[in-house]
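In what follows, a structure is listed as structure tokens, so that the remarks can point back to it.
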Amino acid sequence: MSTQIITKERVQLHNWIDKLPPHQLDLIYLLVEELVGDQQDETEYLLSSNKMKERLLAARESGEGIPIEVVREKLGIRITSPSTPVCAC
């Protein structure tokens, strides 16, 4: 990917971020922080304890929780293609 294309994509990304309402900006901030952060992997930490490993496996198998589709809908995110989320702000 050329530097010019990367620069264009960065500018577009900044423009999108500037248009976000505050509650979605907070979400995006947390997402980016998670992507670039140097924090220890929480899963690795949790799996280091047998008790927590059992609890995580039980939770995964229970089928309880919020489906990703519901989360996307609540956040106003729709998927136009498998790799291109679009904010329905």
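Among what's in the range 37-68 and is of a type in the set (D, E, K, R) and surrounded by fewer than 10 Cβ atoms within 10 Å (Cβ to Cβ), pick the residue that is modelled with the highest pLDDT. Break it down into steps so the answer makes sense when it comes.
From the range 37-68, those of a type in the set (D, E, K, R) are 38, 41-42, 44, 51, 53-55, 60-61, 64; that's our starting set.
Retained after the next criterion (residues that are surrounded by fewer than 10 Cβ atoms within 10 Å (Cβ to Cβ)): 38, 41-42, 44, 51, 61, 64.
Details: D38: 61, D41: 66, E42: 70, E44: 76, K51: 90, E61: 84, E64: 80.
Only one residue tops the list, namely K51.
State all residues of the range 1-36 that are outside any helix (DSSP H, G or I) and modelled with pLDDT of 85 or more; if no residue qualifies, say none. Quick ask: steps written out before the conclusion?
So the first thing to find is which residues in the range 1-36 are outside any helix (DSSP H, G or I), and the list is 1-2, 20-21.
Matches in the range 1-36: L20, P21.
The values are calculated or read from the model by the stated rules, or taken from the named source; none is laboratory data. Bear in mind that the values here come from a model prediction, so they are computed numbers and not experimental data. Neighbour counts run over all protein chains shown; Cβ positions are idealised from the backbone, glycine included.
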